[in-house]
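> Just dropping this structure here.
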Amino acid sequence: MSREYPFDEAATARAVVDASGVLVEWNAGAERLLGHRAADVVGRPALDLLADGQRTGPGAPRGDRWDGVLTLRRRDGGEEHVWLLAHRVRAAGGGPDRWLVVTPLDADGPRPPGDPLDHVGLLDSPCAIAIYDDRLRLRRMNTGMAEILGLAEEQARGLRAPELTGRPQSREFERHLLRVLTTGLATDVRTYVPVGNERTYAWLARMAPVTDAKGRVRGVSVAAHDFTDQYAARERLQLVNEASVRIGTTLDVTATAQELADICVPALADFISVDLLDPPEHGDSPAGAPAAPVTLRRTAHRSVHADSPEAVVAPGRVDVYPSPSPQAAALLAGHTIVASVSTGDLEEWLSWDRARAERIKEYGIHTSMSVPIQARGTTLGVAVLTRFRNPEGFTPDDILLAEEITARAAVCIDNARRYSRERETAIALQRSLLPRSLPRTAALEAASRYLPAARSGVGGDWFDVIPLSGMRVAMVVGDVVGHGIQASATMGRLRTAVRTLADIDLAPDELLTHLDDLVVRLSEEAGTEGGSGEVGATCLYAVYDPVARRCTLARAGHPSPVVMPPGGSPREVVLPAGPPLGLGGLPFESAEIELAEGTVLALYTDGLIETRERDADAGLALLREALARDAGSLEETCDRVLRSLLPPGGVADDVALLLARTQGLPSTRVATWDIPADPALVAAVRKQVVEQLEVWRLTEASFTAELVVSELVTNAIRYGNHPIRLRLIHDATTLICEVSDTSHTAPHLRRAKTFDEGGRGLLLVAQLTQRWGSRHTADGKTIWAEISLLDEG
């Protein structure tokens, strides 16, 4: 022994017994007491050391500590009546428990005359006092300390601090004792030790050296003050503060309920279940108090055991709770209800459910507390907290704490539900403004996808496919700056404007110019109405002609499309950039490219290729790679693109994707004539049209076609500029007649009314055809009319 290590291992008989009753440790003190060497007894059953009359032993203790007198066998065959103190030692990693068995040897021992430890005058203090000698073995203690330890002084004398409690915290306590013994300096120590049961006591221990007449340190005195109540109050306050930080980190109902469960276990309960009422349909708030039986959905639970084996209902499952149940009772009463096995009301509550009653017996659940989850006058559900490892029942302070934490969680759950309801409304509005289905045209096959942002909600991304005259098709993708209802509303106005402008067959650059003017006006209106005054958008507009197999495109600050020709590699289409919509006064330019039949054109918004983890160039490379893998159908290609480019947890910005595969019209379905500038030759033109219809086997449409061609060609000869060209296009269900000239002035741009003095020819055309109109071209204009072949048949 030395001053730095004053412990005498032979002064205390100490042994450790594992969960199966086998001795795993045996110290020098135990050998001194019974004579058995460690090599002879370690690995053998502890019952072998009992005298013949006690071979059955006292059995495994139920609590965490046991003490009593047993008769043990010495090595020489004699018997020894020994007082033993046993502590349960819990394994740190969750393994089987062990038992530490100790008894002091020569507790009194020879004392020098005038031993200062015999004259410490604090033993009558109301504080808990203990005196340790220079080997840090307990020499004396007063009544207060004896009550705390649950041991008489004559039994505990000679034991070290870890042997008195068997707790890991006692080793840290003993290190403080050693520091005082070696330095001679007093110190104050806060320690939290569960003594005698599972309840943790908080102590403020004043450790001071005990010196003799010559000033030599001969021991250490400990005066312990119990501040458990103050400690518990501080822990409750800390738990409330922690709940305010950890609960409500997301606007997700399930995640918030799980955060509530995680806070309460193990600080407040050993198991908690959070069950919520399903919100009514159509997003309304629950009305009034629920009535029994109550239908609840298990949203979250948590246990001190892994995988929560105490739970009867899995998360996400629905269960019905009758009025005697803890869940329904608290909801119907509107306040917290506590039940326990000792009072009998817990078993009465669970008499309706055999499975839950069996779990109570299996895990020793003795107390239950049901707390309604209420926010803003609405009942959302109930949290049920139970205890089985903690032997203490729920105190009034525990009830107040549970209600405080649950109230905070209730507001967060209600906020999450409101957010979910608003987000669903916004998504419904957004989807209602987008096309429900893409039109089927002979020019192209199309597929699309729209994904709202995971957190910021819906935005202003949109797409559309618009049939135009002459079997042409317009494709548009746009993105309004911002998110939420306002962005969706702006998107709806822009989409309507694009359809209106497309209906008058504006060229892509002209259409974007008109759209830019509209966005400028919307910005002015937003500023006048007290808004930010800033409305911005990007747009890509493309027109594909299946007859010429050419596509004209223009963009306003939007990403360029990607084109993949049949049998080729995907590449980005080089287009003039064009300013974003809303700047005003800046020009837009178009570009024309030739597309072979079967070419796939990909139009998208920037949310597809740009994320927080990568830039646009990296996203564009991923898009080309995804398009390069042939999937057979555009629907499969859309899914593959989204899987390749978007993270599984959701996107930060909403995404719109439009894929189109071009289809060409065979030359045999198109007939073209150059018309001489002679009205007398109109009859010959009609004859050529009839002959072509006979080739196409469309003789039923000959009469209507003759009248329409005659009127359009005659108007072109009289009012247009030469050259004049007539073109017939035969679609599966439509015959299209087009007359083009180099004049930019149409003879009539509207349908003739009954009392109009002019325009009778066009009125006749309007009555004979399903659709007619005019469009401007780079060289002039084209008047067109569509004759339905289905009606003729």
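> Of the numbered conditions (1) surrounded by 17 or more Cβ atoms within 10 Å (Cβ to Cβ); (2) within 28 Å of Leu429 (Cα to Cα); (3) not aromatic (Phe, Trp, Tyr), Met564 satisfies every one except a single condition; which is it?
(2)
> Would you confirm whether or not region 698-707 contains a residue that is in contact with a strand residue (DSSP E or B) (Cβ under 7 Å, 6 or more places away or on another chain), surrounded by 22 or more Cβ atoms within 10 Å (Cβ to Cβ) and either farther than 19 Å from Val670 by Cβ or free of Cβ contacts under 8 Å to residues at least 40 places away in the same chain (or both)?
no
> Quick test for you: out of Thr668, Thr714, Thr672, pick the one residue that is touching a strand residue (DSSP E or B) at 6+ places or on another chain (Cβ under 7 Å) and among the hydroxyl-bearing types (Ser, Thr, Tyr).
Thr672
Table: residues versus (1) at positive phi; (2) under 40 Å from the mean Cα position of the chain (by Cα).
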{"position": "Pro546", "(1), (2)": "no, no"}
{"position": "Cys551", "(1), (2)": "no, no"}
{"position": "Ala554", "(1), (2)": "no, yes"}
{"position": "Pro561", "(1), (2)": "no, yes"}
{"position": "Gly568", "(1), (2)": "no, no"}
{"position": "Arg571", "(1), (2)": "no, yes"}
{"position": "Gly582", "(1), (2)": "yes, yes"}
{"position": "Leu586", "(1), (2)": "no, no"}
{"position": "Ala591", "(1), (2)": "no, no"}
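> Further, regarding this structure: Inspect all residues belonging to region 671-690 and state whether any of them is under 21 Å from Pro546 (Cβ atoms) and in a helix (DSSP H, G or I).
So far as region 671-690 goes, no, none of its residues is under 21 Å from Pro546 (Cβ atoms) and in a helix (DSSP H, G or I).
> Okay, next question. If you take the residues in region 567-605 that are more than 15 Å from Leu659 (Cβ to Cβ) and of a type in the set (Ser, Thr, Tyr), which one is surrounded by the fewest Cβ atoms within 10 Å (Cβ to Cβ)?
Going through the qualifying residues, I end up with Ser569.
> Further, regarding this structure: Tell me which residues, restricted to region 375-399, are closer than 28 Å to Ala291 by Cα, part of a helix (DSSP H, G or I) and not aliphatic (A, V, I, L, M).
Across region 375-399, the qualifying residues are Pro396, Asp398.
> Further, regarding this structure: Of the residues Thr367, Thr406, only one is in contact with a Cys (Cβ under 9 Å, 6 or more places away or on another chain), modelled with pLDDT of 90 or more, assigned by TED's automatic domain parsing to the domain that holds Pro280 and of a type outside the set (A, V, I, L, M); which?
So the residue among Thr367, Thr406 that is in contact with a Cys (Cβ under 9 Å, 6 or more places away or on another chain), modelled with pLDDT of 90 or more, assigned by TED's automatic domain parsing to the domain that holds Pro280 and of a type outside the set (A, V, I, L, M) is Thr406.
> Another one. Go through Arg423, Arg389 for me and flag whichever is basic (Lys, Arg) and in contact with a strand residue (DSSP E or B) (Cβ under 6 Å, 6 or more places away or on another chain).
Arg423
> Report, ordered by the first and then the second residue, all pairs with beta carbons closer than 6 Å, sequence separation of six or more or different chains, a first member in region 472-491 that is closer than 18 Å to Pro580 by Cα, and a second member that is of a type in the set (D, E, K, R).
Close Cβ pairs satisfying both conditions: Val476/Asp464; Asp479/Asp461.
> Among (1) in contact (Cβ under 8 Å) with a residue 40 or more places away in the chain; (2) of a type in the set (A, V, I, L, M); (3) over 19 Å from Pro435 (Cβ atoms); (4) out of contact with any helix residue (DSSP H, G or I) (no Cβ under 7 Å at 6 or more places or on another chain), where does Leu634 come up short?
The single condition Leu634 does not satisfy is (3).
For (1) modelled with pLDDT under 95; (2) of a type in the set (Val, Ile, Thr); (3) in contact with a Gly (Cβ under 6 Å, 6 or more places away or on another chain), each residue gets a yes or a no:
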site: Thr496; (1), (2), (3): yes, yes, no
site: Ala502; (1), (2), (3): yes, no, no
site: Glu510; (1), (2), (3): yes, no, no
site: Thr513; (1), (2), (3): yes, yes, no
site: Ala526; (1), (2), (3): yes, no, yes
site: Gly536; (1), (2), (3): yes, no, yes
site: Arg549; (1), (2), (3): yes, no, yes
site: Gly567; (1), (2), (3): yes, no, no
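> Could you please let me know if Thr395 is free of Cβ contacts under 8 Å to residues at least 12 places away in the same chain, surrounded by fewer than 18 Cβ atoms within 10 Å (Cβ to Cβ) and not assigned by TED's automatic domain parsing to the domain that holds Tyr201?
In short, yes.
> Among the residues of region 274-293, are any hydroxyl-bearing (Ser, Thr, Tyr) and at pLDDT 85 or above?
no
> So which residues in region 137-171 are in contact (Cβ under 8 Å) with a residue 60 or more places away in the chain, in a loop (DSSP other than H, G, I, E, B) and crowded, with 19+ Cβ neighbours inside 10 Å, if there are any at all?
Passing the criteria: Arg137, Leu151, Gly158, Leu159, Arg160, Gly166, Arg167.
> Among the residues of region 163-179, is there at least one that is over 22 Å from Leu136 (Cα atoms) and assigned by TED's automatic domain parsing to the domain that holds Tyr132?
Checked region 163-179: no residue is over 22 Å from Leu136 (Cα atoms) and assigned by TED's automatic domain parsing to the domain that holds Tyr132.
> Answer yes or no as to whether Ser351 is part of a helix (DSSP H, G or I), over 30 Å from the mean Cα position of the chain (by Cα) and assigned by TED's automatic domain parsing to the domain that holds Ser303.
Here the answer is yes, as Ser351 does meet what is asked.
> Here is a further query. Would you say Asp674 is among the acidic types (Asp, Glu) and surrounded by 14 or more Cβ atoms within 10 Å (Cβ to Cβ)?
Here the answer is no, as Asp674 does not meet what is asked.
> Select from region 241-272 the residues that are among the aliphatic types (A, V, I, L, M), surrounded by 14 or more Cβ atoms within 10 Å (Cβ to Cβ) and part of a helix (DSSP H, G or I) and list them in ascending order.
Ala243, Val253, Ala255, Ala257, Leu260, Ala261, Ile263
> From (1) touching a helix residue (DSSP H, G or I) at 6+ places or on another chain (Cβ under 9 Å); (2) in a strand (DSSP E or B), pick out the condition that doesn't hold for Ala705.
The one condition Ala705 does not meet is (2).
The values are calculated or read from the model by the stated rules, or taken from the named source; none is laboratory data. Since this is a predicted model, take the numbers as computed values, not measurements. Here Cβ is always computed from backbone atoms with ideal geometry, including for glycine, and neighbour counts include all displayed protein chains.
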